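The values are calculated or read from the model by the stated rules, or taken from the named source; none is laboratory data. Source: prediction; values computed, not measured. Neighbour counts are summed over all protein chains in view; Cβ atoms, including those assigned to glycine, are modelled from backbone coordinates with ideal geometry. Surface accessibility is based on the protein's heavy atoms, side chains included, excluding ligands, DNA and RNA. Shrake-Rupley method; radii C 1.70, N 1.55, O 1.52, S 1.80 Å.
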Amino acid sequence: MEKKYITINASLTHQGITVNPNISFMKDGHTVHHNFQHIILELNLNATGISFLNYICERMNAKDNTILINGLFKVEYISFAKQISGKAPEIRTLGNLIDKFVEKYLLIERLDLPFLYIVNPKYFSKGSKSARKKLLVSLLSTDFDGKINKEALLNQPFQSFFIGK
């Protein structure tokens, strides 16, 4: 995945000396839309858990929040973690984290496609607000009946929408 950067010309002064370096920043990223700190605390996530979740969000498809989390993806993360921290989590640890992320609806399983997940747009997205809204509408449409657990997107139990109908 090619990373895109923006470059700015900065003006930095230290002890009377001014320099004007070009500094690069990541152009794209992901947005957190909903406070999920309670989930992190419930899961008791350590640095590896938070890093892995962030890595998933950085790598998700910007159009539909999908991410293929197979063995290769886990190996790539392990290599990344070792490169930046000198520590490599075990592949089993990542599998346990994925299970926890699914349990707390940070990731939504695609029931019809193994290893394909949707990073929950209730919490995270890339791109514009209108693209996020379009994705949420799509996921809650009949097109996804039986393909995802729609309760993951809701603020109340699924069945509560049908009471009195």
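The residues of region 93-165 have, on average, 59 Å² of accessible surface per residue, using a 1.4 Å probe with all protein chains present. Every helix of 4 or more DSSP H residues in the chain counts as -39500 (n - 2.57), and over all residues that averages to -11000 deg cm²/dmol at 222 nm. Just the protein heavy atoms count here, and of the accessible area of the chain at 1.4 Å, carbon and sulfur take up 54 percent. Approximating the spin labels as points 7 Å out from Cα along Cα→Cβ, the Thr31-to-Thr18 distance works out to 3.6 nm. Contact order for the chain, expressed relative to its length and based on alpha carbon pairs under 8 Å spaced 6+ residues apart, stands at 21 percent.
For region 86-165, the alpha carbon convex hull comes to 128 Å³ per residue, rounded to a whole number. Annotation: extensible slack from Asp99 through Ser141 equals 12.6 nm (criterion: 0.36 nm per residue apart, minus Cα-Cα distance).
Computed about the Cα centre, the dipole magnitude for region 94-165 is approximately 440 debye when only Lys and Arg (+1) and Asp and Glu (-1) carry charge, each at its Cβ. A DSSP coil position with no more than 12 other Cβ atoms inside 10 Å describes the following GluC sites (Glu not before Pro) in region 82-159: Glu90. Eigenvalues of the alpha-carbon gyration tensor of region 12-165, scaled by 5 and square-rooted, set the equivalent ellipsoid semi-axes at 33, 21, 15 angstrom, largest first. For the listed residue pairs Lys63/Lys126; Lys4/Lys87; Lys74/Lys134; Lys100/Lys126, the alpha carbons are over 18 angstrom apart in Lys4/Lys87; Lys74/Lys134; Lys100/Lys126.
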